[in-house]
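The values are calculated or read from the model by the stated rules, or taken from the named source; none is laboratory data. Small disclaimer: the values here were computed from a predicted structure and weren't measured. A quick note on method: Cβ atoms are made from the backbone with ideal geometry, for glycine too, and the neighbour counts reach across all protein chains shown.
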Amino acid sequence: MKGKDIYKIWAPSEAKWTQWLRPVPFVQIDNELKINEFCNFFIPTINYIKEIPTDTAIIVDIPSYSGIKEGVALARIGFRPIPLYNGTNEQPGAMPVVDNNSIEMGLIWGAMELEKIKIENDAPPVFLLDSNRMHRFKMDVSVFDNSWDIYDQDMPSAEYFLKNGIRKIVVRGEKIQKDLRKILYKFQKKKIKILFTDGYKEPEEIVVKKPPHEKNS
Amino acid sequence: MKLIRIPKERYEDYRFNVMFDCYKWDPQFLDNNTIAKYALVISKEEHEELERLTEEIDYETRKAEGILNQHLEITKTLYLPKKIKKELKIMDNYDPDKHIRLMRYDFHPTIEGKWAVSEVNSDVPGGFAEASLMPQAAIDTLGTNKFWYKNFGDILTKAIATKVVPGGRIMLVHCTSYSDDRQVMQFLGDKLKNMGFSVIYAAADHVRFLDQEAISILSGNEGKIDAIVRFTPLEWLIDIKPKHWEGYFNTTTTSCNHPIAIYAQTKRFPLVWDRIEKLGGKLTTWRKLLPETHEVKEVKNKSGYIYKPACGRVGEKISIKEACKEDEYEKIRKDVKKHPKQYIAQKQFNSKPLLSEEGEKYHVCIGSYSVEGKHAGYYARISKIPRIDSYAADIPVLIDNAK
């Protein structure tokens, strides 16, 4: 199976929200995939959402391929997982700051699992992010910085969410990362409720503070 | 010039091909699909006219930058960032024969039946794969032999091959955190690799300079490099700390583009045309195609002008009222008032929209490339608003075989 075939499993054309699925890691599957034997793929149990609320989207922002595992688990409940991974692979031989290879392996595993699950075409979305994406620590200038940010253009607009019945967004993560905060703040301004869960507790509504760069605007 | 619909039943496959086989890794921008459902077909006559105009205007640009490089006193008016200004004097060793000069001129059809050029992407023009592979994908999808296209990638790589030793190491310098940059570099890198070159994907701070020659310090890829293809804009490059970037300005390593590109990259370039012409330069084609351009203060209270940031890219911060979103127009006006020297005022041209088969109007921007002074293909975008920005969709340009 090639990257394009794996992408098509994640993004069936008749399903909603799939136009936001980024092709970057799927393209790289064909180019430079390195097998990481330490990846541990299994479907976790979800405790923070019991049933499928039609007015809620989820953003899973946890490290590396664990977001894919959780995305597949949420697909079993009835959500449509939408990977937003956008990091590139390093130049061969160079030391990267983020391991994007494991994400690519996770997407292959996830595609095989998704083929066993029936997801409704109008299922609410769960967007998948790698919280390691913003690791910017470079022990030396010679390392390859393939960290990345999520920007508002990478997701649907608040208007699109509202038009499609999404009034709440649950962020599942360890914290709200600063790139995501900028996007969530804009959603909040348009009256979309933002909730947060660490994966154990029930999601609780939060108020997203104004990001620093927006202070003067 | 006309829009031809990619057949509805084949569009989905076409979009997949463009993403996976044509390096289009950013097919969505907010709620907008950035892969057009159309191909843009230009007539043989339109192509020949654009080809001629591109080569004429490009000749003028290259001549002008040579004059500016020898008369730095004129460049004060360009109001370049201080850090760049400081390095201009070391570009006195610039030898165009050593480097590869690549530019893209953005043409727009106007309601007067003429062409207007809105800008030249002089420093780091993008759209490489869209200009090279998308037209073939469209031709295959349309299943016709009525059209042809100029393959930009073939022309650029051929130009690189004439100046870099066979099998040489070429560093593709870009912002490694942006997949949008990598897609441009990956297209070029794969092509160069197929030609036998050794390719290094790296960031601007992975280059050091020794005796004006570029050296890679990227882990596992250290050593001399034979050429630099840069996709990191100069205004971003100069923000890198610690400062090791000055070597880009006087390197003898083949560069595409060399920082000489900054003179025409700034939108304030037209403000020094009179002085360039006094020194022997000719800007006749530029004057014919670029709408009247002035200092902000000169158009105070005059209507019909828009403001453009001197260092703007992808249509950002251009004050076309009907194209601005929410409070964007007011924000731009405020910024212009605060920093008038960082903007120019330009007469707004009347873009002539094309009508699709479905009766929708689309404004068109045809980016026409030049490589080493020769026309090198097209990268076009369409938009429902008269500003071609990040919301616009990429559209392949096909040339009609028919007379």
>> Conditions first: (1) touching a Lys or Arg at 6+ places or on another chain (Cβ under 6 Å); (2) of a type outside the set (F, W, Y); (3) in contact (Cβ under 8 Å) with a residue 40 or more places away in the chain; (4) under 30 Å from B:N145 (Cβ atoms). B:P353 passes all but one, so which condition is the exception?
In response: (3)
> Do any residues in the stretch A:191-217 that are among the β-branched types (V, I, T) have Cβ atoms under 9 Å from those of residues that are at pLDDT 95 or above and exposed (fewer than 14 other Cβ atoms within 10 Å of the Cβ), where the two are at least six apart or on different chains, and which pairs are they?
Replying inline: A:I194/A:E205; A:I194/A:V207; A:T197/A:E204
>> I'd like the full set of residues that are within 18 Å of B:K24 (Cα to Cα) and surrounded by fewer than 20 Cβ atoms within 10 Å (Cβ to Cβ), limited to the stretch B:390-403.
In response: B:S390
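With respect to A:W17, determine if the residue is in contact (Cβ under 8 Å) with a residue 12 or more places away in the chain and either closer than 28 Å to A:E205 by Cα or surrounded by fewer than 15 Cβ atoms within 10 Å (Cβ to Cβ) (or both). Let's see the steps before the verdict.
Values: in contact (Cβ under 8 Å) with a residue 12 or more places away in the chain: yes; either closer than 28 Å to A:E205 by Cα or surrounded by fewer than 15 Cβ atoms within 10 Å (Cβ to Cβ) (or both): yes.
Spelling it out, A:W17 is indeed in contact (Cβ under 8 Å) with a residue 12 or more places away in the chain and either closer than 28 Å to A:E205 by Cα or surrounded by fewer than 15 Cβ atoms within 10 Å (Cβ to Cβ) (or both).
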>> Just to check your reading of the model, which residue among B:E46, B:E56, B:E51 is without any contact (Cβ under 8 Å) to a residue 60 or more places away in the chain, assigned to a helix (DSSP H, G or I) and surrounded by fewer than 20 Cβ atoms within 10 Å (Cβ to Cβ)?
In response: B:E46
> So which residues in the stretch B:292-320 are basic (K, R), in contact with a strand residue (DSSP E or B) (Cβ under 8 Å, 6 or more places away or on another chain) and outside any loop (DSSP other than H, G, I, E, B), if there are any at all?
Replying inline: B:K308
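Okay, residues lined up against (1) within 25 Å of B:G168 (Cβ to Cβ); (2) more than 21 Å from the chain's Cα centre (by Cα); (3) not assigned by TED's automatic domain parsing to the domain that holds B:R104:
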position: B:D211; (1), (2), (3): yes, yes, no
position: B:L218; (1), (2), (3): yes, yes, no
position: B:P242; (1), (2), (3): no, yes, no
position: B:T254; (1), (2), (3): yes, no, no
position: B:L283; (1), (2), (3): no, no, yes
position: B:V299; (1), (2), (3): no, yes, yes
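Residues are listed down the side, and each one gets a yes or a no for (1) surrounded by fewer than 17 Cβ atoms within 10 Å (Cβ to Cβ); (2) at pLDDT 90 or above; (3) at positive phi; (4) assigned to a strand (DSSP E or B):
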position: B:D335; (1), (2), (3), (4): yes, no, no, no
position: B:K341; (1), (2), (3), (4): yes, no, no, no
position: B:A345; (1), (2), (3), (4): no, yes, no, yes
position: B:E357; (1), (2), (3), (4): yes, yes, no, no
position: B:V364; (1), (2), (3), (4): no, yes, no, yes
position: B:G367; (1), (2), (3), (4): no, yes, no, yes
position: B:H375; (1), (2), (3), (4): no, yes, no, yes
>> I need a count of the residues in the stretch B:203-236 that are at the interface with chain A (Cβ under 10 Å from one of its Cβ atoms) and either of a type in the set (D, E, K, R) or over 26 Å from B:L80 (Cβ atoms) (or both).
In response: 9
>> Take the residues in the stretch A:98-128 that are more than 22 Å from A:N40 (Cβ to Cβ) and over 15 Å from the mean Cα position of the chain (by Cα); name whichever of them is surrounded by the most Cβ atoms within 10 Å (Cβ to Cβ).
In response: A:A123
> Which condition number does A:N121 fail, the rest of (1) closer than 16 Å to A:W20 by Cβ; (2) out of contact with any Asp or Glu (no Cβ under 8 Å at 6 or more places or on another chain) being met?
Replying inline: (2)
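For the stretch B:173-202: of the residues being more than 7 Å from every other protein chain (Cβ to nearest Cβ) and among the aliphatic types (A, V, I, L, M), which is surrounded by the most Cβ atoms within 10 Å (Cβ to Cβ)? Full working, then the answer.
The initial filter retains those residues of the stretch B:173-202 that are more than 7 Å from every other protein chain (Cβ to nearest Cβ), namely B:173-175, B:178, B:180-181, B:183-199.
Then keep just the ones that are among the aliphatic types (A, V, I, L, M); that gives B:173, B:184-185, B:188, B:192, B:195, B:199.
Values: B:V173: 27, B:V184: 23, B:M185: 25, B:L188: 24, B:L192: 23, B:M195: 15, B:V199: 22.
Among them, the one singled out is B:V173.
Answer yes if at least one residue in the stretch B:149-168 is more than 10 Å from every other protein chain (Cβ to nearest Cβ), part of a loop (DSSP other than H, G, I, E, B) and touching a helix residue (DSSP H, G or I) at 6+ places or on another chain (Cβ under 6 Å), and no otherwise. Steps first, please.
In the first step, residues of the stretch B:149-168 are kept if they are more than 10 Å from every other protein chain (Cβ to nearest Cβ); the result is B:149-168.
So of that shortlist, the ones also part of a loop (DSSP other than H, G, I, E, B) come out as B:149-151, B:164-168.
In the following step, the residues that additionally are touching a helix residue (DSSP H, G or I) at 6+ places or on another chain (Cβ under 6 Å) were identified as B:149, B:151.
Scanning the stretch B:149-168 turns up at least one residue that is more than 10 Å from every other protein chain (Cβ to nearest Cβ), part of a loop (DSSP other than H, G, I, E, B) and touching a helix residue (DSSP H, G or I) at 6+ places or on another chain (Cβ under 6 Å).
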> Within the stretch B:117-161, which residues are more than 22 Å from the chain's Cα centre (by Cα) and not small (G, A, S)?
Replying inline: B:I139, B:D140, B:T141, B:L142, B:T144, B:N145, B:K146, B:F147, B:W148
